[in-house]
Amino acid sequence: MTTPQPFPAEFIQPIAHVSSRLGAFASPHLWFEEIGSTNTAAVRLAERGAREGSVVAANAQVAGRGRLGRSWASPPGAGLYVSVVLRPERPSSLVTLAVGVAVAEGIDAATGLQTGLKWPNDVYVGPRKVAGILAEAGQSTEGPFVVVGYGVNVFRASYPPDVADRATSIETELGRSPDRGLLFAEILAAVAETYDELQGGHSSRILNRWRVRAGTMLGRTVDWSDVSGTYQGTARDIDEHGALVIETDGGVRRVISGEVRWR
Ligand code: BTN
């Protein structure tokens, strides 16, 4: 890993402004002008003992990774590419869901937009995706850890034009240039606060906020595949473990991972 650099000037004041909300996420914050993947770097640091709340962020990723083995476009200065190291006391499938809620709330706080969520944790504005989350679990001598990385399309240049029917950026939605430093700070503060809520045993509050944001996605027809076949049903809810509850002709099914396609 190369040596971290100072954060860009536009991040300094917004981070100072939220510092009282950051708790364990107040430091260290490592910034890289260019990196392979902030998740890969954060996993390496966690394997070597990085403490909970460590943050790795980059101006560009040359090997940004998405869910299900996909890549994540990460051109310089166009998005937010951030990973946090978590060491949850109770390993919880709700951690990524909670970070999804936090990313959505942080975007809204910084911009006034109203983002929605699509299971498991894609952040949408209307029908287009604006942010995604990748969680990776591991183990170090300090115990188990989870690295949760989020990528936010801040400027139009953050995603390839050929996905413009499915992706959007904050710049596109606002119709003006957003403040990337403010977005970074508000999202990180929301992650810190939501993670504290989760660790404090308040997962039902987080699930309820998820349900409100996923309102337009629930009640819709979905199909999904697993090792035994492809199925279709109606998305109804998420359960207390964060599984998507789907009503099918053959009964209620709970989907815990993989890809769900919404009709
Ligand atoms: C997805 O929706 O497929 C998840 C995208 C996650 C992208 C972020 S950007 C920061 C972190 N580093 C990575 O390589 N991936 C995540």
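The values are calculated or read from the model by the stated rules, or taken from the named source; none is laboratory data. Keep in mind it's a predicted model, so treat the numbers as computed, not measured. For neighbour counting, all protein chains shown are included, and Cβ atoms are generated from backbone atoms with ideal geometry for every residue, glycine included.
Can you say whether Ser169 is buried (at least 16 other Cβ atoms within 10 Å of the Cβ), within 16 Å of the ligand (Cβ to nearest atom) and closer than 21 Å to Val56 by Cβ, as far as the supplied structure shows? No.
Restricting attention to the stretch 29-56 and to residues that are of a type in the set (A, V, I, L, M, F, W, C) and part of a helix (DSSP H, G or I), the residue that is nearest to Ser257 (Cα to Cα) turns out to be Val43. In the set (1) under 20 Å from Ile187 (Cα atoms); (2) within 16 Å of the ligand (Cβ to nearest atom); (3) touching a residue at least 60 places away in the same chain (Cβ under 8 Å), the condition left unmet by Ala24 is number (2).
Residues that are without any contact (Cβ under 8 Å) to a residue 24 or more places away in the chain, within 27 Å of Ser19 (Cα to Cα) and touching a strand residue (DSSP E or B) at 6+ places or on another chain (Cβ under 9 Å) within the stretch 155-184 comprise just one, Glu171. Summed over the stretch 137-173, residues that are in contact with a Phe, Trp or Tyr (Cβ under 6 Å, 6 or more places away or on another chain) and assigned to a strand (DSSP E or B) total 4. Looking across Leu97, Leu134, Leu80, one residue alone is within 16 Å of the chain's Cα centre (by Cα), under 19 Å from Val163 (Cα atoms) and not in a loop (DSSP other than H, G, I, E, B). It is Leu80.
Say whether the condition of being at pLDDT below 95 and either under 22 Å from Val123 (Cβ atoms) or not in a loop (DSSP other than H, G, I, E, B) (or both) is met by at least one residue in the stretch 57-68. Scanning the stretch 57-68 turns up at least one residue that is at pLDDT below 95 and either under 22 Å from Val123 (Cβ atoms) or not in a loop (DSSP other than H, G, I, E, B) (or both). Only residues that are more than 12 Å from the ligand (Cβ to nearest atom) and touching a residue at least 40 places away in the same chain (Cβ under 8 Å): list them for the stretch 120-134, please. Scanning the stretch 120-134 gives Val125, Gly126, Arg128.
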